[in-house]
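The values are calculated or read from the model by the stated rules, or taken from the named source; none is laboratory data. Model, not experiment: these values are computed from the prediction. So basically every Cβ, Gly included, is an ideal-geometry build from the backbone, and we count neighbours across all protein chains shown.
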Amino acid sequence: MQDDLYRLRIERANSRRPARRHASGGAAAFVGKVTSTTGTPGTFVRVIPQGLTGSEVTNGAGTSTAGSGSQLVYLVGPSATVVGDLLVCRSVDYRWVAERMHTNGASGGGGIGTLPFCFCPDPPGTLAMVSTDPLCNFQMFQSCTITYQPTPAALLPLAIGANNYLSYPDGFPDPVAGGAIFYYRLTCQFNQWLLSRCYITSPYGSPYLDGILVTYNIGAPGNTCADDSLHLNDPVFFPGSDLSCGVSING
């Protein structure tokens with residue numbers, strides 16, 4: 001009899017199907033947008049769960065839509081959060097836990113203003129551009145705010161990436177191009193920051209990416225970067241430019 005009971009237990013155990021696992025490895029997860037003013041590693045931050053929509057195509061613009069309610073999430077770090085950060089929140093030991101990575105852009109990480117192949121770690125998301133003379137060089141340099149943001153859908157055909165430092169939506173008329181509106185684009189390659197202009201519509205093409213107007217070399221006097229800071233005050237203008245112009249970018 002004991003042998004029969006043992007055999008029945010084995011047969012029953014073998015007949016059970018393994019539980020279905022989630023694609024994420026079994027842990028529930030959601031995307032949350034930070035609403036706390038600041039959040040430091042080792043503290044709880046408040047987020048609002050987000051619904052993600054958009055066309056799932058290469059370089060397709062995705063959007064996040066706020067859900068209902070909010071949730072406290074334990075921030076592992078290693079970096080602090082700011083309002084608007086999107087975090088992947090995972091269930092760990094009956095609590096929601098999230099990371100906010102601090103990574104050098106050259107390693108392809110997810111910093112505040114992460115740019116591939118940039119030696120500056122985590123530049124700030126908002127930068128102030130100041131022109132000393134808005135009329136200089138056919139009104140080429142205007143004072144504005146440049147923010148790290150998703151690339152507008154109208155500029156995606158330029159293949160400049162899903163996120164960029166842009167002055168958009170603030171644009172400026174180009175008198176040389178018949179008043180076509182341009183937006184500033186700031187990008188980084190290794191130890192150089194590059195300022196150019198892009199147009200949604202222009203006589204040169206629609207959309208159109210202009211050449212490099214100004215180069216800033218990190219290490220030159222006034223050009224520095226560190227965690228969450230960027231200072232570009234020593235520009236190198238393109239050949240033939242009006243050297244009396246002055247443009248600085250700080251954040």
Give the number of residues within region 156-179 that are of a type in the set (A, V, I, L, M, F, W, C) and assigned to a helix (DSSP H, G or I). 4
Tell me, yes or no, whether region 196-214 has at least one residue that is more than 22 Å from Gln149 (Cα to Cα), out of contact with any helix residue (DSSP H, G or I) (no Cβ under 8 Å at 6 or more places or on another chain) and without any contact (Cβ under 8 Å) to a residue 40 or more places away in the chain. yes
Going through region 141-155 one residue at a time, which ones are assigned to a strand (DSSP E or B), among the hydroxyl-bearing types (Ser, Thr, Tyr) and within 10 Å of Tyr168 (Cβ to Cβ)? Thr147
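Yes or no, residue by residue, for (1) closer than 21 Å to Ala128 by Cα; (2) assigned by TED's automatic domain parsing to the domain that holds Thr63; (3) touching a residue at least 60 places away in the same chain (Cβ under 8 Å):
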site: Ile160; (1), (2), (3): no, no, no
site: Phe172; (1), (2), (3): yes, no, no
site: Pro175; (1), (2), (3): no, no, no
site: Phe190; (1), (2), (3): no, no, yes
site: Gly222; (1), (2), (3): yes, no, no
site: Asn233; (1), (2), (3): yes, no, no
Flag if Tyr204 is under 20 Å from Tyr165 (Cβ atoms) and of a type in the set (Phe, Trp, Tyr): no
Identify the residue in region 39-98 that is of a type in the set (Phe, Trp, Tyr) and touching a strand residue (DSSP E or B) at 6+ places or on another chain (Cβ under 8 Å) and, among all such residues, is surrounded by the most Cβ atoms within 10 Å (Cβ to Cβ). Trp96
Under 22 Å from Leu243 (Cα atoms), surrounded by 13 or more Cβ atoms within 10 Å (Cβ to Cβ) and touching a Pro at 6+ places or on another chain (Cβ under 6 Å): is that true of Gln192 in this structure? no
For residues that are surrounded by fewer than 18 Cβ atoms within 10 Å (Cβ to Cβ) and hydrophobic (A, V, I, L, M, F, W, C), scanning just region 212-251, find the one that is modelled with the lowest pLDDT. Leu243
Looking only at region 198-211, which residues are loosely packed, with under 15 Cβ neighbours inside 10 Å and either of a type outside the set (Gly, Ala, Ser) or under 22 Å from the mean Cα position of the chain (by Cα) (or both)? Thr201, Pro203, Tyr204
